[in-house]
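Data first, discussion second: the structure below is written as structure tokens.
The values are calculated or read from the model by the stated rules, or taken from the named source; none is laboratory data. Model, not experiment: these values are computed from the prediction. Cβ placement follows ideal geometry from the backbone for every residue including glycine, while neighbour counts extend to all protein chains displayed. Note: areas computed on protein heavy atoms with side chains; ligands, DNA, RNA excluded. Shrake-Rupley method; radii C 1.70, N 1.55, O 1.52, S 1.80 Å.
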Amino acid sequence: MKIIDLSQEIYNGMPVYPGHCRTSIFPMKTHEETLAQNGTGYSSVTHILVMSDHGPTHVDAELHIDPSPDAKGIDEMPLENFYLNAICLDVSHVQGEENYITKAILEEALAKSGLEFNRGDGILLYTGHYNRTYPDFGKWLFNYPGLDREAAEWIMDIGCANLGIDQPSIDSSIEVKKRNYPAHTVSKERKLVHAENLANLDQVVGKRFILSMLPLKIRGASGSPCRAVAIFND
């Protein structure tokens, strides 16, 4: 078995989506403190974590963008949505917020990959944005492409069960600035599960693997950080 980590590191000062809670990690108790308190020679250390449920590599819950009463929180969504067979397609030639990942580009990427896609599989999109810009705050957060509405609908039409991307959003940064979210709107309308802020997709592009991105069981959360990995059994 080979496992490739597709997750960003979580650390103080990491880039986070504008308006989301900053990531903070600091000691609750140190070895020195517990050693003095215990008086037995035994010590331990614990930390406090403060972060957005959409901060680092994460998966979105339905209720993140759907205000309807039946929209599921992350703790209510089937785990099968987050552990599944997947492929990774190369769309890294699409760069900058003025460009879009279209249906035609996705169809071409799938054809060029030579990979078989089955209904119920996941699709990861290697844009190369993480590799080119992270962790430069300005470049990472404010200038990236995204899916247009037709592309997001095509993703659903072919039976994709989970869409992942190596940038802050499945929508382009220009659409985010305009507060217009065509790809997220399709997610809302058609219950498309998606993951954002993935990393290291250059290591799995053009391959088929088991994708695991299990969310934390946070009651009523709108999303969850996850440890996304690609698993190869050969």
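Some notes on this structure:
- Put the Cα centre of region 63-100 next to the Cα centre of region 28-60 and the gap is 31 Å.
- Heavy-atom accessible area order for 1, 77, largest first, 1.4 Å probe: 1, 77
- Dipole magnitude of region 148-234 about its Cα centre (Cβ charges: Lys, Arg +1; Asp, Glu -1), debye to nearest 20: 440 debye
- Charge sum, other residues only, whose C-beta stays under 12 Å from residue 38's C-beta, Lys/Arg counted +1 and Asp/Glu -1: -1
- For the chain, averaging the sequence separation of C-alpha pairs within contact (under 8 Å, six or more residues apart) and dividing by the residue count gives a relative contact order of 31 percent.
- Solvent exposure of residue 20, expressed as accessible area, is near 60 Å², computed with a probe of 1.4 Å over the protein chains only.
- Shown in residue order for region 44-60 are the 3J(HN,Hα) couplings computed by the Karplus curve 6.51 cos²θ - 1.76 cosθ + 1.60 at θ = phi - 60°: 8, 9, 9, 10, 9, 10, 10, 7, 6, 6, 10, x, x, 4, 8, 10, 8 Hz (x for Gly and Pro).
- Over the chain, DSSP H runs of length four or greater, each weighted -39,500 (n - 2.57), average out per residue to a 222 nm ellipticity of -6000 deg cm²/dmol.
- Summed over the residues of region 1-120 and divided among them, the accessible surface reaches 58 Å² per residue at a probe radius of 1.4 Å.
- For the set 139/207; 72/217; 103/178; 103/139; 112/188; 188/217, the pairs lying more than 18 angstrom apart at their alpha carbons are 139/207; 103/178; 103/139; 112/188; 188/217.
- With every protein chain in place and a 1.4 angstrom probe, the accessible-area ranking of 217, 112, 188, largest first, reads 217, 112, 188.
- Using heavy atoms of the protein chains and a probe of 1.4 Å, the accessible area assigned to residue 181 is about 70 Å².
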